[in-house]
Structure formats: structure tokens, C-alpha cells
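These notes concern the structure reproduced below.
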Amino acid sequence: MERKFNAFRGERKEGSKGPKKYATQRPKQSSMIIGRQPMMEALSTGKPIERIFMLRTATGDIIPQIRELAQANNIPVNYVPVEKLNGLTQANHQGIIGITANVTYLDLQDVISHVTDKGETPLFLILDGITDVRNIGAIARSAVCCGAQAIIIPDKGIAALNEEAMKSSAGALEKIAVCRVNSLNKAIDTLHLNGIKVLASEMETEIKLYDCDLKEPVAVIMGSEDKGVYPALIKAADVLFRIPMAGNFESFNVSVAAGIILYEALKQRTINI
């Protein structure tokens, strides 16, 4: 099963205008960042942060700076009552608690450039509203097995990539680039500007999965099981397709559907599987 390729993180020396260099980044165990100054230091040094919990009534000179840095780095900020913060820790949290990330989130354009510079054809997944961490883990596992290079997720409305997601992925989330964006529509614009076609599953369309050309640069949107793909993303997609089914059942589980789509891409792109 293992086809090893490493997730990568861009690092650029100060003053350099050249391309970023990428190196393997292993996820770290989730832990908490407690307090205002520790949070500022973590944000300033680029420490991977999954989410920030901030007291709804928090005030002070440093609070706007934390909000600004969080927004600049696409880090979700949840405004919560003090009971939520006290339930996370008994330490003096000063109205701020951050959860460190298990993965290092990467810039989408950097990932696209890295993939194309290596001479590979982009095969990305866009996850829209998937809240089950086990599904995300299973999708990541199929993505790595089938040669996808990246998963794109929004900063809100999706399950956290926590220890359970890491376990469900069987280590795949360590081996694939994960791009967190503040707008999936803007991410699609970036994909289009780079010549990457965007596909989405739609049960009513006549185009079948195996009729799509998956040998070209593509990104496939996978929607939540209860709501499907968000209508605005359906509108932004270049191609709508459906996965043919033998029976008159509702649909595949989202992680199973992702596996089917990814394997079709692998089949089209590979002469000998």
C-alpha cells in the first residue's frame, strides 16, 4: 500500500526571492497554548495552530493583534464563554487558549508550484463541510494510495485534524499536503488561474465519472453526506459528474466515493497498476 511521498512545508530565508524549499514535516501531538503572550509568540513564530478559543468579552491591546495574526494565517477563532475556557484548563488562561495542529498547513499556491515544478500533474481534493474525522482520515488514506498530492480544507465547518483523524488516516495525513483556506471559492479561483480544472459530484447530471478526463490537472470537490456540495461551489465547478450505481440507493459514503473517484484517476493516469 505504501507509496511514500512526503508532505512538505515551504521555508524561505529572509530576503530571498527564490522558490521555497520543502522538507518533510511530521505532525506533533496536539497540546494547548495558554495565555496571551504565549499565543502572540506562537503566532509570530508560525507555530501550527488548529484553532483559537477566545473569551467573548476579551479586551486589551494585545487582543486585536492576536485576531489580526490569526486571520492572516487562516486560523479559526471561536469566541466562547469563560466556562468553555475553564473546562479546557485550570491554568490562568487570560481569556485565550490555542490548540496546536497535528499537521502543518501549507499555502495552496506554494503547493501547486511545487507539484508542477516536479513535473507532476495535479490531483487535489477539496473537502466541503465534512465533519466526521474518520471520513477525513479515510479520504486522506485513499488520496495517498492513489497519488493525490494535496487536500484543500476550509478554516471553518470541517472536522479538526485531531489524533482520531490521524489514526483513521493510518499515517496518510503525514504524507500529503494539507492546505487550509478561508474561502473555498477563492481556492477554486487560484486553481483555475493555475490551469487546474475543478470537478464536483452531482447525482442529476448525465456525465459519468469514467467519462471525465482525470489525466489532466484536476481538483475534485467532496461534499458532506447530509448536504452535499455547497451550491456556490457547484456553480464554480467546471464539470459535474455522477458515480454510476447498480441499485436505487441514496448514495455512497463520502470516503468510499472519494476512493472510487481517486482510483479512477489512478487507473486513467497509470498504465500498469
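Legend: residue pairs 118/156; 167/208; 47/156, Cα-Cα distance threshold 26 Å; pairs beyond threshold, 118/156; 167/208. On the basis of the beta-carbon distance and an R0 of 22 Å, residue 120 and residue 186 show a calculated FRET efficiency of 0.40. Averaged per residue, region 122-267 has 44 square angstrom of accessible surface, using a 1.4 angstrom probe with ligands and nucleic acids left out.
Of the chymotrypsin sites (Phe, Trp or Tyr not before Pro) found in region 228-273, those that fall in a DSSP loop while having at most 11 other beta-carbon atoms within 10 Å are 249.
Secondary-structure-derived ellipticity at 222 nm for the chain, considering helices only, amounts to -9500 deg cm²/dmol, per-run term -39500 (n - 2.57) for DSSP H runs with n ≥ 4. Solvent exposure of region 29-100 amounts to 53 Å² per residue of accessible area, where only protein heavy atoms count and the probe is 1.4 Å. Using a Gaussian network for the chain with springs between C-alpha atoms less than 10 Å apart, which of these wobbles most: 48, 217, 64? Its mean-square fluctuation being the largest, the pick is 64. Tell me the net charge near residue 197. Cut-off is 12 Å between Cβ atoms, residue 197 excluded, with +1 for each Lys or Arg and -1 for each Asp or Glu. Overall, the nearby charge balance is -2. Nonpolar atom fraction for region 29-100, defined as the carbon and sulfur part of the 1.4 Å probe accessible area, stands at 48 percent.
Based on DSSP loop calls and a cut-off of at most 10 other Cβ atoms within 10 Å, the longest stretch of the chain free of exposed GluC sites (Glu not before Pro) is what? Formally, the longest exposed-site-free interval is 15-203.
The trypsin sites (Lys or Arg not before Pro) of region 199-265 that DSSP puts in a loop, and whose beta carbon has at most 11 other beta carbons within 10 Å, are 227. Here the accessible area is traced with a 1.4 Å probe on the protein chains. For region 108-271, carbon and sulfur cover 51 percent of it.
With contacts taken as Cα pairs under 8 Å and at least 6 residues apart, region 29-100 reaches a relative contact order of 56 percent. Rounded, prolate or oblate: pick one for region 29-100, where a ≥ b ≥ c are the square roots of the eigenvalues of its C-alpha gyration tensor, a/c under 1.5 means rounded, and failing that, prolate if a/b is larger than b/c, else oblate. Because a/c hits 1.5 or more and a/b fails to exceed b/c, region 29-100 counts as oblate. Peptides 55-63, 183-191, 125-133 ordered by packing proxy, namely the average of other Cβ atoms within 10 Å per residue, highest first: 125-133, 183-191, 55-63. Please report the antiparallel percentage of the DSSP beta bridges confined to the chain, to the nearest 5. Here the antiparallel bridges make up roughly 30 percent for the chain. Centroid-to-centroid, using Cα positions, region 228-261 and region 192-212 are 10 Å apart. The relative contact order of region 108-271, computed from alpha carbon pairs under 8 Å that lie at least 6 residues apart in sequence, is 28 percent.
The values are calculated or read from the model by the stated rules, or taken from the named source; none is laboratory data. Owing to the predicted nature of the structure, the values given are computational and were not obtained by experimental measurement. Heads up, the Cβs are rebuilt from the backbone with ideal geometry, glycines too, and the neighbour counts pull from every protein chain shown. Ligands, DNA and RNA are stripped out before the accessible areas are found, and what is left, the full protein with its side chains, is counted by its heavy atoms. Shrake-Rupley method; radii C 1.70, N 1.55, O 1.52, S 1.80 Å.
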